[in-house]
Amino acid sequence: MSLAPRGAGPGRDAARLARSVVLRLAHRGPDGHGVVGDALSAAAMCRLRVRSRPADPVPFPDGSDGTHHAYNGEVYATGPGARSGAFDATVPRGGPDEARAVHDQGCHALDGMYALVRRSPDGTLEITRDPLGIKPLYLRRHRDGVAVASEIPALLDVFGPARIRAAAVAQFLLLGRVVDGGSWYEDIEPVPPGTRLLLKEGRTQTVRAAAAPLAGTGTPGWPATPDGIRAAVSRAVDRVLVSDRPLGLALSGGLDSTVVALELARRGIDDLATVSVVPEGNGDGVRRVADLSLPGAAWRGWRHRWTGFGPADLLAGVAGAAAVLGEPTAMTSVPMYAALARLAREEGIVVLLLGEGADEVFGGYRSYLGLPDLADAEEFYATPHRTALVRALLGEEAAAVARDALRAALPEAKGRPAAEVVRDFEYAHSLEPLLRRADHLLMAEGVEGRTPFLHGGLPALGRSYPMAGLIRGGQTKVPLREAYARELPRWRTEVKKPFRAPVADWLTDGHRTAATDRLAGQEALFTAVGLRLDALREVLRQVADGDPGATGLVFPLLSLGAWLEQAGTEVARPQNEETVPS
């Protein structure tokens, strides 16, 4: 994290603030932390050591001139072929060399995931985030200064308490996420992926602005053929294997993690820890590696461990998940991911390979099957039934403002099919929350997540296909399926099983009563953030009756209620929000 107060004064000592706040991020750095700076600016870093040398001080010094790097992430390749996945790329040494490469070469000449703060001797702070937003970074602009950190909770008490945005509540209930570029708090926002900022004397200056959500995917370095896809996946897997610490693999039983498993087995890797969460009733998860039908024999030496997950685990895990994320979530997979992270830590895994990103790169979600017939991208997100529920819960005006936020966030169609508009939107507003889920929940257990499908030229290769080429014949991710049809033949026709809790099936009998009782007990919290009591009670009645539309709101409301219990309910109404100069 880094801080740049606007002038000196009581409560504005940057180094002192950094020393206190970095302790809130200690879970991200079991291998030590440090602070450099003075009263006017400071940079702090927690280290989970993967490739840096144990003796390297943190933040990493850059030469002898007093420059330091607070660095989070990995750089897998630099040079002309880094983004495309070509051979003419080099792997920097770990730690300080990676951080220096981010600063010197910029994100367009790198393949990696990173958030970097560079503090110069004059106190200037330079902030850089990777172009796909794989590593999180948040910015707080306040009248007393500016601060950045990898997680929102670390920023909440810097410069005084932050207030909840009413607009965020409405967007979340309508869309399952905040889409207007802000966060749940009035003066905290994500640093846009691919952006470089300067922080000095409590103000920010944009050095390089983020472009469109797909900027940085670049020109495909591989042909859009089955052979090209296999070569790109192979290169990506090679790159993310660079580590000095124990590696593991998360297995969901789906195509994406199975492809990564196949690539690892093909390399003859026979000593690997694998982990899986097996939710009740949806067919997802892996109990035995043998069930993947991998070729060869290397996988027989893998050590696999799985854990079951049911409705009681979901209800029990809501509050912890909200605490780790620092915000509510509509993703029922988040408590499951927390269980996966604990399992990985217990197995001694420090670096965990994941299948994240493949669904965005290759069009993998079952909901995408209706995209060819979609007339308007807006209707894909704000369905009439959900809009009606939110209108009842928050009122016509709040629902309309949330709908306007969606319209403003959707990319311009410019004559393109609605499917292509949805595709662009997904990179910024579906992929990033999934990456944040992986980062926060894994780092809470001292585990780094790596996403091969977002490296080695794969994003550009996936982008080279039109959406109609990714989804056809009632099947998703068609090019990836065809690329591995010989080695994984069942995946040519296998239906995707989403990594999420089947809430509608789980909310029966006692579990439904437990959920509605919990929500009823949080009525005061919900009304404090603008929900109408009579409408909330009607939704709970519909849930008790088993109405599927209302049931879809149960988990978001449970998450919102748990988060409000932790965060408080001081709400900043739109007309009272302050504009802080940058």
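The set of residues in region 55-69 being open to solvent by 10 Å² or more (accessible area, probe 1.4 Å) and either at pLDDT 90 or above or not hydroxyl-bearing (Ser, Thr, Tyr) (or both) consists of Ala55, Asp56, Pro57, Val58, Pro61, Asp62, Gly63, Asp65, Gly66, His68.
Close contacts from region 314-341, counting a first residue that is free of Cβ contacts under 8 Å to residues at least 60 places away in the same chain and a second that is of a type in the set (A, V, I, L, M), with Cβ to Cβ under 6 Å and a gap of 6+ residues or different chains, come to Gly317/Ala338.
Restricting the search to region 379-416, which residues are crowded, with 17+ Cβ neighbours inside 10 Å, outside any helix (DSSP H, G or I) and at pLDDT 95 or above? Listed by number, the list holds a single entry, Leu410. Under the condition of being open to solvent by 20 Å² or more (accessible area, probe 1.4 Å) and either closer than 23 Å to Gly310 by Cα or modelled with pLDDT of 95 or more (or both), the residues counted in region 286-296 number 4. The single condition among (1) in contact (Cβ under 8 Å) with a residue 40 or more places away in the chain; (2) part of a strand (DSSP E or B); (3) open to solvent by less than 10 Å² (accessible area, probe 1.4 Å) that Ala344 does not meet is (2).
Close contacts from region 448-465, counting a first residue that is at positive phi and a second that is surrounded by fewer than 24 Cβ atoms within 10 Å (Cβ to Cβ) and in a loop (DSSP other than H, G, I, E, B), with Cβ to Cβ under 6 Å and a gap of 6+ residues or different chains, come to Gly457/Ser84; Gly457/Gly221; Gly457/Trp222.
Every residue in region 324-341 that is hydrophobic (A, V, I, L, M, F, W, C) and either in contact with a strand residue (DSSP E or B) (Cβ under 8 Å, 6 or more places away or on another chain) or open to solvent by less than 10 Å² (accessible area, probe 1.4 Å) (or both), please. Leu325, Val334, Met336, Ala339, Leu340, Ala341 - these are the residues of region 324-341 that are hydrophobic (A, V, I, L, M, F, W, C) and either in contact with a strand residue (DSSP E or B) (Cβ under 8 Å, 6 or more places away or on another chain) or open to solvent by less than 10 Å² (accessible area, probe 1.4 Å) (or both). Per the listing Arg83, Arg93, the residue uniquely farther than 25 Å from Leu461 by Cα, basic (Lys, Arg) and either modelled with pLDDT under 95 or not in a loop (DSSP other than H, G, I, E, B) (or both) is Arg93. The combined condition, being within 21 Å of the chain's Cα centre (by Cα), acidic (Asp, Glu) and either outside any loop (DSSP other than H, G, I, E, B) or under 15 Å from Leu353 (Cα atoms) (or both), is fulfilled by Asp256. Against the test of being surrounded by 24 or more Cβ atoms within 10 Å (Cβ to Cβ) and out of contact with any strand residue (DSSP E or B) (no Cβ under 9 Å at 6 or more places or on another chain), the options Ala170, Ala147 yield a single qualifying residue, Ala170. Taken over region 377-426, the criterion of being among the charged types (D, E, K, R) and within 16 Å of Ala330 (Cβ to Cβ) is satisfied by Arg386, Glu426.
Meeting the requirement of 3 or more residues that are at pLDDT 85 or above, farther than 27 Å from Leu434 by Cα and open to solvent by 70 Å² or more (accessible area, probe 1.4 Å), the helices (runs of 4 or more DSSP H) wholly within region 497-582 are 533-544.
Could you grab me the full set of residues in region 259-279 that are open to solvent by 10 Å² or more (accessible area, probe 1.4 Å), in contact with a helix residue (DSSP H, G or I) (Cβ under 6 Å, 6 or more places away or on another chain) and part of a helix (DSSP H, G or I)? Answer for region 259-279, where residues must be open to solvent by 10 Å² or more (accessible area, probe 1.4 Å), in contact with a helix residue (DSSP H, G or I) (Cβ under 6 Å, 6 or more places away or on another chain) and part of a helix (DSSP H, G or I): just Ala265. Restricting Glu482, Glu420, Glu445 to those that are touching a Lys or Arg at 6+ places or on another chain (Cβ under 6 Å) and open to solvent by 10 Å² or more (accessible area, probe 1.4 Å) reduces the list to Glu445. Phe453 meets the conditions (1) surrounded by fewer than 20 Cβ atoms within 10 Å (Cβ to Cβ); (2) out of contact with any Pro (no Cβ under 7 Å at 6 or more places or on another chain); (3) in a helix (DSSP H, G or I); (4) not polar (S, T, N, Q) in every case but one. The failed one is (1).
The values are calculated or read from the model by the stated rules, or taken from the named source; none is laboratory data. Treat the numbers as computed from the prediction; the structure is a model and nothing was measured. We place every Cβ from the backbone using ideal geometry, glycine too, and count neighbours over all the protein chains shown. Protein only, heavy atoms only, side chains kept; ligands, DNA and RNA dropped before computing areas. Shrake-Rupley method; radii C 1.70, N 1.55, O 1.52, S 1.80 Å.
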